[in-house]
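The block underneath contains the structure these notes are about, expressed in C-alpha cells.
The values are calculated or read from the model by the stated rules, or taken from the named source; none is laboratory data. It should be emphasised that the depicted structure is a prediction, and the values quoted were computed from it without experimental measurement. Here the Cβ positions follow ideal geometry from the backbone for every residue, glycine too, while neighbour counts run over all protein chains shown. Keep in mind that these areas ignore ligands, DNA and RNA; they rest on the heavy atoms of the full protein, side chains included. Shrake-Rupley method; radii C 1.70, N 1.55, O 1.52, S 1.80 Å.
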Amino acid sequence: MKRRDFLKVGSLAALGPGPSLAPADAAGASPRPSGRVLSEPQWATIAAVQDHLLPSEPDAPGAREVNATAYLDRTLADPKFDPDVKKLILQGIGWLEEISQEREGLPFPQVRPARREDMLRKIARTRAGERWLSRLVTYCLEAMLSDPLYGGNPGGIGWKWLEHDPGQPRPTPDKIYGRLGKA
Amino acid sequence: MSRDFDVCVIGSGAGGGPVALTLAEAGYSVVVLEKGPWLDEKDFCKDEIASCRRSTYTPSLLDERHVLEQRNDEGVWEAESTLDSGWDWWNGNCVGGASNFMSGFFHRMKPDDFRLLSAFGPVEGANLADWPIGYENLEPWYDLVEHRVGVSGKLVEHPYQEPRSSADFPYPPTVEHPISGLIDKACRDLGYSSFPVPRAVLSRPALGRNSCLYTNYCGSYGCSSGAKGSSRAALLKQAIRTGHCRVRPHCMVSRILSDQKGRIDAVEYIDGDGARKRLDAEIYVVACQAIETTRLLLMSTGPRYPNGLANSNGQVGRNLIFSAGGIGTGDILYADLAPDLASSLKVRGPFVNRALQDWYFYSDPETGERRKGGTIEFLFRHANAISQAVAQKWSSDDNLVWGKPLKDRIKTYFTSARHLRFEVFNDWTPVDDCFVSLDPREKDKWGMPVARIRLGYHPRDLEVGRFLSRKAVTVLERLGAKNISWNVSGSPPQNLVAGGCRFGTDPKASVLDLDCKAHEIDNLYVTDGSFMPTGGSVPFTWTIYANAFRVADRILEALGGPSDKGS
C-alpha cells in the first residue's frame, strides 16, 4: 500500500553511498539492446536481475520469455510514470553494480547464479533494497500477465502457463492505456 | 434574461444521471459537465493494465490527488498525499462516473436505516441523525430504479426483507455459478437465509441495451455490452435521445459563482483545451461524488458565502461516511472435491450472487440489546491475474519471495483452488473526526486546493464488522474452505463514500433541505450521496439513484412542471 515508503530511505545506507549508475560492462553476454529509458548496461543488469527473480523453466515461462526487460523499459518511458519511482528503479541498478564490483569484481550479469542470490538477499535485507526488488518482481509479473499489446506475454504465454482466461473483448492498439480517450 | 440552459448538472455519475434524464424528458434543456473523457461500450476492454493498474479512467496522481489524515500509533493525526502513499482515491472520472466500474450489488436500505437514532438511541462519540424522510417516502423511487436502470433479481423472503411495492424484480436473475447452490446448502445447514443478490446488470436484452456477456470481469471494469446499469449506459444515453440534454466531457468545474443576493448565477469551468469558460442556467445541480462535491462547494466562495457555498453553518464536509466492514477469503481446494464438482467450480463467468442479512439487526450476545448489524456478500476473488500473482510475492512472515519458490506459489494459487471471498457491509457511524476540508498546501494541476480528508471512525463499527465476519467464516468452514483469513479495520473503502452535505429539517445542523436543495440557496441542489446522514449497511448506489430521481421530481416542480418544449 505505501508504495512510497522506500523513497524516504533515500539510499541503501547499509550497502554503500552510491546513487551513481555503474557502467556495467556486459562483455561476454550476448549484446543487449538499449531501450527508450535503459542504457545498454542498465538493460543488461536489469535483465540479469529479472532472470533471477523470475527464472525460465522448461515447462514454465520466465522473465526472458515474457520480454520483461523490454516491458519495464516501455513502462518507465510512460510520461505519467511516477518520476520518483523511476529514479529509484534506475538508482537500484547503480547500487547493485557497486556491490557487485565490491564483492565480486565483476558486473552483476557476469556473476554466477549462486552468488547472485547471495547479493540480492543482502540487498533485500535493507528496506530500500527490498522495495527495489519488490518493484522489479511486480513489473516482471505485469509482463507475464498483461495483454501482449503492452510488450510482454507474447502469444499469451503467461496466461497459458496459469490456465488463466483473460476475458473478452481484448483491447486493440488504440484502446490500451496511454491511448484510450486521447484521440 | 435568457440563460444558456435550464439546468446545469455538474458530474455525470449516479447522482447526475437521474436528474439529467428526468428534466430532459420533461423538455428542459440540460447540460452535464463531466471532467473526464466520454468513453463508451466499444472503449471498454478486459485490460487489467488500463482498468486496474494505471490511471486510465481517473486523473494521474501527479496531476490531481488527495491528502489523507490518519491517526498514527501515538494518536496524532498525520497527513499524507495520495501521491506519496499510492492510495488512489479517484473512482472513475469519465462520463457515467464511478457507476461505470461498480459491481452493481444492489440492495435497498431498510426502514429502520432511516431512523437509526430513534430506533437504537444515541451512541457516545457519534453524530447519529434520523433521515428527514422515511423508507416509505423513498420506496417509489427504489422501484423506479429497478425499471429504469434495470435491476435483475429474484425475491426470496428472508428475515429482514424490506417492504416492496412491486412483487418481484423486472428482470430475472443473472446466471449463477455452481458455487451459489453450495452456499445455499451450507447456509441452510447452518440455519441461515442466503438470498440472491439483486444486480444492476441486465439478464436479458432490454431498455435498448444488451444482456450480460458473463466475461468474468465486472467490478472495476467498464461494461462492454451495456448490461451494467451505469449512469452513462442506462440514463444519459436516453437523456441525450430526448434532444434536450448535452453532455460535455473534459469540462472541470472550477467554481460556482454567486451574486450579491446569494443566488448562483454561473459556473466557471476549464475545458479540454485548458480554456476557462462560463455558462449559466436556472438551476444548478452538484453531483461530483461526496468528496469532490464538498471540495467544489468550499472552493466556491462568493460575496454572501465567505466560507463556501451552503456553508454558513460550517457543516459542509462534515459527517463523511463510508461502508464499514471487512473482507475475508477461503480456498475451496479442487483436491478436496470429486472431479466433477471440481471441474464445475472451475467455470468462469456466471455470478455468485449470494448474500446474508440474517444479522442486519441482531441482539448483542452479552447484553441482549438490539443492535444494528449489516450485510454479508459472497463472491469469488476478482479475476485480475496480475494482482493475484503480485500478492504471492510476500511470504506469510512478510519476506519478499522470488525465483522458483515465487513461481511455485503463483502456479498453486492459480490452479489448485477457487478463492471464495466475503465482504461485510456495516454502518460507518458518523463521527466528528471524519470530514473533508480544503488542503492548505497541496494544489491540483490547475492550482486549485485539493480535498483533505480526515479518516476517523467509531470503534463500534469494528466490533460489528468482526461479529459479522465471524458469521461469514462459519459459512466458509461449512463449505470446507481452507486457509480462511479475514480482516476488519477502520481503513475505509474509498469507492463507497457518502455524506458531507447532510439533508435535514434544521438549517443549523444540515446543509440541504428535504428536497436536497441548499438551505440557504434557492437554485442549488446536491444529488449525489453527499445528502446521506447515515448510509445503511449496504452499498450506496441504489439509494443514490433513487434519491436523485426523487429530487429530480422536486426540481421539475420548482421549474413549473413539464415544459411546453417537451415532446
**Message:** For the condition open to solvent by less than 20 Å² (accessible area, probe 1.4 Å), in contact with a Ser or Thr (Cβ under 8 Å, 6 or more places away or on another chain), assigned to a helix (DSSP H, G or I) and more than 19 Å from B:VAL551 (Cβ to Cβ), what is the one hit in B:LEU116, B:LEU138?
**Reply:** B:LEU116
**Request:** Working only within the stretch A:93-129, note down all residues that are surrounded by fewer than 18 Cβ atoms within 10 Å (Cβ to Cβ) and among the charged types (D, E, K, R).
**Result:** A:GLU102, A:ARG103, A:GLU104, A:ARG112, A:ARG115, A:GLU117, A:ASP118, A:ARG121, A:LYS122, A:ARG125, A:ARG127
**Prompt:** Consider B:LYS517 against the criteria (1) open to solvent by less than 60 Å² (accessible area, probe 1.4 Å); (2) closer than 22 Å to B:ARG65 by Cα: it satisfies all of them except one. Which criterion is unmet?
**Reply:** (2)
**Prompt:** When you go through B:SER510, B:SER537 one by one, which is the residue that is crowded, with 16+ Cβ neighbours inside 10 Å and within 19 Å of the chain's Cα centre (by Cα)?
**Reply:** B:SER537
**Request:** Say whether the condition of being open to solvent by 10 Å² or more (accessible area, probe 1.4 Å), within 16 Å of A:ASP73 (Cβ to Cβ) and of a type in the set (Lys, Arg) is met by at least one residue in the stretch A:135-156.
**Result:** yes
**Asked** Here is a list of conditions, (1) closer than 27 Å to B:ARG199 by Cα; (2) outside any helix (DSSP H, G or I); (3) within 22 Å of the chain's Cα centre (by Cα), and B:ALA548 meets all of them except one; can you say which number that is?
**Response** (2)
**Fill in**
For the stretch B:305-322, the count of residues that are outside any strand (DSSP E or B) and of a type in the set (A, V, I, L, M, F, W, C) equals 3
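Give the number of residues within the stretch B:50-61 that are touching a residue at least 24 places away in the same chain (Cβ under 8 Å) and either hydrophobic (A, V, I, L, M, F, W, C) or buried (at least 24 other Cβ atoms within 10 Å of the Cβ) (or both).
Going through the stretch B:50-61 one residue at a time, the tally reaches 3.
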**Item:** Criterion: more than 7 Å from chain B (Cβ to nearest Cβ), surrounded by 19 or more Cβ atoms within 10 Å (Cβ to Cβ) and closer than 16 Å to B:GLN392 by Cβ - qualifying residue of A:TRP132, A:TRP161
**Value:** A:TRP161
**Asked** Quick check: anything in the stretch B:161-172 surrounded by 14 or more Cβ atoms within 10 Å (Cβ to Cβ), assigned to a loop (DSSP other than H, G, I, E, B) and within 14 Å of another protein chain (Cβ to nearest Cβ)?
**Response** no
**Message:** Against the definition (among the acidic types (Asp, Glu), touching a residue at least 12 places away in the same chain (Cβ under 8 Å) and closer than 30 Å to B:GLY36 by Cα), how does B:ASP88 come out, yes or no?
**Reply:** yes
